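Trainee: Quick one: structure below, then a few questions.
The values are calculated or read from the model by the stated rules, or taken from the named source; none is laboratory data. From a predicted model like this one, the values you see are computed outputs, not experimental measurements. Glycine gets a Cβ as well: all are built from the backbone with ideal geometry, and neighbour counts include every protein chain shown. Calculation scope for accessible area: heavy atoms of the full protein, side chains included, ligands and nucleic acids excluded. Shrake-Rupley method; radii C 1.70, N 1.55, O 1.52, S 1.80 Å.
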Amino acid sequence: MKPQTLFEKVWDTHVVVEEPDRPAVLYVDLHLIHEVTSPQAFTGLRERGIGVRRPDKTVATMDHSTPTLPKSLAVIDDQAKAQLRMLEQNCEEFGIELFGIGTKYNGIVHVIGPERGFTQPGKTIVCGDSHTSTHGAFGALAFGIGTSEVEHVLATQCLLQRKAKTLEVRVDGQLMPGVTAKDIILALCAEVGTGGATGHVIEYTGSAIRGLDMEGRMTVCNMSIEAGARAGMIAPDEVTFDYLKGRDRVPKGADWDAAVERWRALKTDEHAEYDKRVVIDASKLEPMITYGTNPGMGMGISGTVPNLDSFSEPSQQAAFEKAMFYMDVEPGKPLLGKKVDVVFIGSCTNSRIGDLRMAASVLSGRKVAAGVRTLVVPGSHDIKAQAESEGLDRIFKDAGAEWREPGCSMCIAMNGDNLEPGQYAVSTSNRNFEGRQGKGGRTFLASPLTAAASAVTGEVTDPRRLLLS
Amino acid sequence: MAKFTTLTSHCVPLTADNVDTDQIIPARFLKVTEKHGLGDSLFSDWRYDEDGSPKRDFVLNQPESQGAQILIAGHNFGSGSSREHAPWALVSWGFRAIIATGFADIFKSNALKNGLLPVEVTPDVHKKLMQAVQLDRGTKITIDLPTQSVTGLGSLEATFPIDAFSKHCLLNGIDQLGYLLSFDDQITKYEQQRT
């Protein structure tokens, strides 16, 4: 048999029908839904008079528009309230399990999926959210879909899909102290650009990827979409199985052993070919930061913002100038020392316990600089409880940071947490698009270490400076 | 879904590359529970002043743009979020086709399900179209789906790719869910085999 990549193996086992000149009918094992991209899909079902084919393979949460202030405080407005209520009604009517606002296991969709063990190797996982690529860290084929497709999956548990090409991103070498999974993925985005992996499913390989824990792997896969990729995947290994073992929704006993046996086969065969390949030397990376208005506009933190003549194409030059105008940073100058107004530690990229521990390691015994607003927003109630049991909440609060309820918060700015026009933020989230964190707000994307270090000094700061002192 | 065969229209030239879906429709407009009425929020942060009045220098607000059904955008249009609100907003404003040198995967898939045709052309053709339209905002371009061609500007004739299935659906106004539902038996069989 022809050697296969991990992606091809998962794809092949989920093809229900494949005909020439037609997209394949691909079966979906897990459908995650949330309040923002599902209402119109349920309306579509009702208009057709059909139901949800597999409510048992559908899981709902509330995260995008939920407030992160203590839950006694109100949802941002009546529109958001109506949207949340609609998800509740839809889940009740169609028998879908809902992790609603304020309940024990509520949290960001891409945090609770793995946390509860819904996410498993070899599964096909979709959600009306582009950061669904996160779940690929477990060797699942996971990708974001639009609302029409949410309706398709609700109705048929299938999607019409064309097979993507494959891109190997090989990351070898040892990360230096102060350099994290977030820096690997920001380096990839800077290397290939925001559309560089369009049409491809990325498989991350190499010793630096193997050396990451599951949370780091999720951070990497999460931002695959920021390079334009359809999905990102990492072959499961002992690290994956150790993470999953004993979680709520994974098989137990003999079934667990059988599952692990199956999962071990989920790796790219020797001599299998990828359509494209990118190589990154992890040992040469330093903490990364973005300077512009898409995640591909990034650089090593000790570097300088490019000049106009760094770009050859007129369209690239125009995009660069537009970004410089919006960000109001100086071409050719460093970002280090740039004053920041807000630090945001959270989002489906960096809100897990390991991320919070990293931030706490910098903030412990230190204070947030005067005038800097620092938000720490755990990805789920489970993480919040874990952090509190370790005393991380005290470290954050003693430092002068705000310790919030779980949710997407300032990553998406549709829930009451947002930047004011003109403000600068160092953010652990995934997008620095114009206005993403609030109309007129300006975002520097970075790791939890860099964000926490910048909170302490009040300016863009290399975390290694604080870690070493 | 509305059928798409041939479209002749003047165009809106939007020169930026990597226009992400947060620009097409910012997240604060995603609290709706219907698909309709998003046209007023299209490109909201580029289009309106602080006080909500239209910015005169933004291309969508110019008198020459009114009634246009074709948007000529830069490379990698629709990157970022999977929000289908982006094509909903574009269609609601009146667009039926977008010409660019490349589209983000999820946006393209969403557009095709809403009768909005993504027309991918070479950088050379793109440059010619963009220049001509910027020079004369009255320039009309014809997009013909059956022949997968873009014509206008005298001798210019370019082709664009589209997969056979999406083309068939657009030409006949076929809704993809209806097609997917026809595989019910095979899906049931697949489910039985897997358990």
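Trainee: At least 2 residues that are under 28 Å from A:ARG162 (Cβ atoms) and open to solvent by less than 40 Å² (accessible area, probe 1.4 Å) in each: list the strands (runs of 3 or more DSSP E) lying fully within the range B:120-179 that qualify.
Mentor: Output list reads B:140-144, B:149-152.
Trainee: Next up: Identify all residues within the range B:28-44 that are within 8 Å of chain A (Cβ to nearest Cβ), under 19 Å from the mean Cα position of the chain (by Cα) and either open to solvent by less than 40 Å² (accessible area, probe 1.4 Å) or under 16 Å from A:PRO421 (Cβ atoms) (or both); write none if there are none.
Mentor: B:LEU30
Trainee: For the range A:163-178: of the residues being aliphatic (A, V, I, L, M) and closer than 19 Å to A:GLY199 by Cβ, which is surrounded by the fewest Cβ atoms within 10 Å (Cβ to Cβ)?
Mentor: The residue in question is A:ALA164.
Trainee: Now for a separate question. Give just the number: which of (1) more than 24 Å from A:ILE225 (Cα to Cα); (2) within 12 Å of another protein chain (Cβ to nearest Cβ); (3) open to solvent by less than 40 Å² (accessible area, probe 1.4 Å) does B:GLU50 not satisfy?
Mentor: (3)
Trainee: Taking the options A:GLU459, A:GLU402, name whichever one is farther than 17 Å from A:THR290 by Cα and open to solvent by 10 Å² or more (accessible area, probe 1.4 Å).
Mentor: So the residue among A:GLU459, A:GLU402 that is farther than 17 Å from A:THR290 by Cα and open to solvent by 10 Å² or more (accessible area, probe 1.4 Å) is A:GLU402.
Trainee: Tell me, please, whether a residue that is in contact with a Pro (Cβ under 8 Å, 6 or more places away or on another chain) and over 14 Å from A:THR166 (Cα atoms) can be found in the range A:192-204.
Mentor: Kept after step one, since they are in contact with a Pro (Cβ under 8 Å, 6 or more places away or on another chain), are these residues of the range A:192-204: A:194.
In the following step, the residues that additionally are over 14 Å from A:THR166 (Cα atoms) were identified as A:194.
Within the range A:192-204, one or more residues are in contact with a Pro (Cβ under 8 Å, 6 or more places away or on another chain) and over 14 Å from A:THR166 (Cα atoms).
Trainee: Residue check: is A:SER447 open to solvent by less than 10 Å² (accessible area, probe 1.4 Å), away from chain B (no Cβ under 14 Å) and closer than 25 Å to A:HIS131 by Cα?
Mentor: Yes; evaluated as a whole, the condition is true for this residue.
Trainee: Applying the selection to the range B:180-195, what residues are in contact with a Ser or Thr (Cβ under 8 Å, 6 or more places away or on another chain) and assigned to a helix (DSSP H, G or I)?
Mentor: Of everything in the range B:180-195, those that are in contact with a Ser or Thr (Cβ under 8 Å, 6 or more places away or on another chain) and assigned to a helix (DSSP H, G or I) turn out to be B:LEU180, B:LEU181, B:ASP184, B:ILE187.
Trainee: Right, another one. So, in the range A:38-67, of the ones that are closer than 17 Å to B:ALA27 by Cα and away from chain B (no Cβ under 12 Å), which residue ends up surrounded by the most Cβ atoms within 10 Å (Cβ to Cβ)?
Mentor: Here is the first cut: in the range A:38-67, the ones closer than 17 Å to B:ALA27 by Cα are A:38-40, A:62-67.
From what is left, the residues that are away from chain B (no Cβ under 12 Å) are A:62-63, A:67.
On the way: A:MET62: 27, A:ASP63: 29, A:PRO67: 20.
Across the range A:38-67, the extreme among qualifying residues is A:ASP63.
Trainee: Within the range A:417-461, how many residues turn out to be of a type in the set (S, T, N, Q), in contact (Cβ under 8 Å) with a residue 24 or more places away in the chain and more than 22 Å from A:ALA227 (Cβ to Cβ)?
Mentor: Qualifying residue count for the region: 4.
Trainee: Out of the residues in the range B:54-84 that are open to solvent by 40 Å² or more (accessible area, probe 1.4 Å) and in a loop (DSSP other than H, G, I, E, B), state the one that is nearest to the other protein chains (Cβ to nearest Cβ).
Mentor: Checking each candidate, the answer is B:HIS75.
Trainee: Tell me yes or no: at least one residue of the range B:1-16 is more than 20 Å from A:ARG436 (Cα to Cα), within 11 Å of chain A (Cβ to nearest Cβ) and not polar (S, T, N, Q).
Mentor: Within the range B:1-16, one or more residues are more than 20 Å from A:ARG436 (Cα to Cα), within 11 Å of chain A (Cβ to nearest Cβ) and not polar (S, T, N, Q).
Trainee: OK, next. Taking into account only those residues within the range A:281-302 that are more than 20 Å from A:TYR326 (Cβ to Cβ) and out of contact with any helix residue (DSSP H, G or I) (no Cβ under 6 Å at 6 or more places or on another chain), which is most open to solvent (accessible area, probe 1.4 Å)?
Mentor: Top of the filtered list is A:LYS284.
Trainee: Can you name the residue in the range B:85-111 that is part of a loop (DSSP other than H, G, I, E, B) and within 17 Å of B:VAL59 (Cα to Cα) and is also farthest from the other protein chains (Cβ to nearest Cβ) among such residues?
Mentor: B:GLY94
Trainee: Something else about it: With the checklist (1) closer than 23 Å to B:LEU42 by Cα; (2) in a loop (DSSP other than H, G, I, E, B); (3) more than 9 Å from every other protein chain (Cβ to nearest Cβ) in hand, flag the one item B:ASN114 doesn't pass.
Mentor: Of everything listed in (1) closer than 23 Å to B:LEU42 by Cα; (2) in a loop (DSSP other than H, G, I, E, B); (3) more than 9 Å from every other protein chain (Cβ to nearest Cβ), B:ASN114 misses just condition (3).
Trainee: For the list (1) open to solvent by 20 Å² or more (accessible area, probe 1.4 Å); (2) facing another protein chain (nearest Cβ under 10 Å); (3) of a type outside the set (Lys, Arg), I need the number of the one condition that A:LEU160 fails.
Mentor: Only one criterion is unmet by A:LEU160, namely (1).
Trainee: Identify, from the list A:GLU238, A:GLU261, A:GLU203, A:GLU168, the residue that is at pLDDT 95 or above and under 19 Å from the mean Cα position of the chain (by Cα).
Mentor: Every option except A:GLU203 fails the conditions.
Trainee: Next question, about the same structure. All but one of (1) touching a Pro at 6+ places or on another chain (Cβ under 8 Å); (2) under 23 Å from A:ASP183 (Cα atoms) hold for A:PHE344, so report the exception by its number.
Mentor: Only one criterion in (1) touching a Pro at 6+ places or on another chain (Cβ under 8 Å); (2) under 23 Å from A:ASP183 (Cα atoms) is unmet by A:PHE344, namely (1).
Trainee: Quick test of your reading of the structure: B:LEU177 fulfils all but one of (1) within 25 Å of A:ALA155 (Cα to Cα); (2) in contact (Cβ under 8 Å) with a residue 40 or more places away in the chain. Name the failing condition by number.
Mentor: (2)
Trainee: Right, here's the next one. Are there helices (runs of 4 or more DSSP H) fully within the range A:1-97 with at least 3 residues that are modelled with pLDDT under 95? List them.
Mentor: A:78-94
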